[in-house]
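The values are calculated or read from the model by the stated rules, or taken from the named source; none is laboratory data. What you see is a predicted model, and the numbers here were worked out from it, not measured in a lab. Note that we place each Cβ from the backbone using ideal geometry, even for glycine, and neighbour counts take in every protein chain shown.
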Ligand code: ATP
Ligand code: MG
Ligand code: MG
Ligand code: MG
């Protein structure tokens with residue numbers, strides 16, 4: 001991509017309304033634009049990162065055996081009356097009336113709709129388990145939308161739903177999502193800690209929030225230090241095999257959100273030096289809720305003995321758009337973002353230090369073409385701006401590598417390659433630059 005043709009509206013000033021680094025940087029780097037309270041347009045650069053995150057989430061859902069589909073954003077109020085949540089949901093739900101006076105809503109989540117879809121198509125326990133997901137925009141009329149896309153009103157969520165014949169089978173589905181989440185967040189350069197979370201009226205121990213530790217996080221959390229660097233299950237994990245040992249390992253150490261925190265247990269289970277009381281960002285939440293929707297909505301299957309039984313359900317959310325903010329909170333410095341390669345909007349930025357200079361331009365064009373041919377995502381700064389401005393711009397948008405071509409380097413037959421993560425610079429022979437990066 002040539003920067004001259006791209007749309008990258010950078011802000012020079014730090015926007016006054018942005019209180020945390022990720023919000024500031026997303027606005028300054030031209031990734032998002034606010035269109036209303038908690039409502040954002042995804043500008044080209046931000047949209048690329050959003051798509052990368054979405055794709056990692058998708059790959060790890062698929063790997064775990066979940067099946068993708070797509071449900072609409074607009075739902076009918078009647079569906080929510082069946083579960084009793086239409087009135088209970090309160091002001092967070094955006095309610096809409098169509099021209100025929102039908103009551104509709106912009107979905108804040110999809111338990112009701114997926115239950116309706118499931119009950120229309122599944123009759124027997126032999127068709128279980130089912131594990132379905134979609135990645136779709138949600139709307140929640142948050143009282144206090146803030147921190148940019150971290151707490152938006154419109155936001156992108158991955159939500160999966162499991163249907164099983166009994167609690168033992170449901171636990172297997174839960175475990176698949178637990179492991180899938182560990183892998184998902186780790187692939188984005190995040191250390192997400194699964195923490196015991198509130199389960200609501202049905203109780204049980206099957207609810208975990210996945211939390212990224214960050215000073216600017218909205219949740220107070222308590223955990224054992226040992227969880228921070230616990231090894232994440234590999235790509236080769238057999239999701240149809242027994243995952244319980246992995247779950248046991250991660251839940252063997254204390255970790256709880258403040259609603260579930262028990263100070264006495266914390267102090268007795270964790271030795272003093274390992275006690276971490278911190279703030280965190282909720283990036284995912286998995287939840288087993290049994291018959292909560294299947295019973296009132298009559299999602300039943302014929303059991304082994306012929307009788308009808310309500311299915312055991314769970315739901316599993318990931319804040320896809322919130323993750324952008326969480327990743328920036330974890331990877332930035334004064335100068336800007338420092339994207340992990342897996343989610344970077346482009347892999348490399350190519351800087352022509354002297355635009356208008358024939359030899360510099362010729363070499364840049366050649367490297368640009370070679371990088372594209374090698375399948376490397378490159379943003380080529382072919383604009384007439386000065387070198388200093390180009391460097392600052394590349395640092396701000398935070399691509400993993402910068403290749404700089406200038407007259408002095410050319411004389412020596414070299415390009416300068418900088419790694420954004422650690423700031424290391426090296427001179428590389430022009431003919432090896434593409435191979436070095438690709
Ligand atoms: P929070 O406690 O932050 O309000 P929640 O517990 O209400 O989140 P869930 O219903 O568990 O959210 O939804 C699943 C995931 O969706 C959350 O873990 C979070 O990552 C994301 N999410 C929820 N609300 C928002 C929001 N307003 N903006 C962006 N992402 C959100
Ligand atoms: Mg909420
Ligand atoms: Mg929450
Ligand atoms: Mg939650």
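Checked against the criterion of being more than 21 Å from the chain's Cα centre (by Cα), without any contact (Cβ under 8 Å) to a residue 60 or more places away in the chain and surrounded by 18 or more Cβ atoms within 10 Å (Cβ to Cβ), the stretch 312-322 contains not a single residue that satisfies it. Testing residue 192 on (1) under 17 Å from the mean Cα position of the chain (by Cα); (2) more than 16 Å from ligand 4 (Cβ to nearest atom), one condition comes back false. Which one is that? Residue 192 satisfies all of (1) under 17 Å from the mean Cα position of the chain (by Cα); (2) more than 16 Å from ligand 4 (Cβ to nearest atom) except (2). Determine, yes or no, whether residue 259 is more than 16 Å from ligand 1 (Cβ to nearest atom), touching a residue at least 40 places away in the same chain (Cβ under 8 Å), out of contact with any strand residue (DSSP E or B) (no Cβ under 7 Å at 6 or more places or on another chain) and part of a loop (DSSP other than H, G, I, E, B). Taking the combined requirement at face value, the residue does not satisfy it.
Checking the structure you have, find out if any residue of the stretch 232-255 is in a strand (DSSP E or B), under 18 Å from residue 182 (Cβ atoms), modelled with pLDDT of 95 or more and within 16 Å of ligand 1 (Cβ to nearest atom). Working first, answer last.
Step one: of the stretch 232-255, the residues in a strand (DSSP E or B) are 255.
Keeping just the survivors that are under 18 Å from residue 182 (Cβ atoms) gives 255.
Now narrow it down to the ones that are modelled with pLDDT of 95 or more: 255.
Within this subset, residues satisfying the condition of being within 16 Å of ligand 1 (Cβ to nearest atom) are 255.
The answer is yes; a qualifying residue exists.
The test for being over 30 Å from residue 10 (Cβ atoms) and crowded, with 22+ Cβ neighbours inside 10 Å does not hold for residue 278. Could you tell me whether the stretch 337-347 includes any residue that is in a strand (DSSP E or B) and away from ligand 3 (no atom under 16 Å from the Cβ)? Yes, that holds for at least one residue.
Name every residue in the stretch 405-419 that is within 22 Å of residue 28 (Cβ to Cβ) and surrounded by 18 or more Cβ atoms within 10 Å (Cβ to Cβ), in order of residue number. Before the answer, list the steps.
Our first condition is that a residue be within 22 Å of residue 28 (Cβ to Cβ); within the stretch 405-419, this holds for 418-419.
Within the stretch 405-419, just 418 meets the criteria.
Answer yes or no as to whether residue 380 is crowded, with 18+ Cβ neighbours inside 10 Å, within 26 Å of residue 324 (Cα to Cα) and touching a strand residue (DSSP E or B) at 6+ places or on another chain (Cβ under 6 Å). Judged against the criteria, residue 380 is a match.
Looking at 65, 46, can you tell me which residue is in contact with a strand residue (DSSP E or B) (Cβ under 9 Å, 6 or more places away or on another chain), farther than 24 Å from residue 377 by Cβ and touching a residue at least 40 places away in the same chain (Cβ under 8 Å)? Can you show your working first?
Numbers: 46 fails: farther than 24 Å from residue 377 by Cβ.
Of 65, 46, the one residue that is in contact with a strand residue (DSSP E or B) (Cβ under 9 Å, 6 or more places away or on another chain), farther than 24 Å from residue 377 by Cβ and touching a residue at least 40 places away in the same chain (Cβ under 8 Å) is 65.
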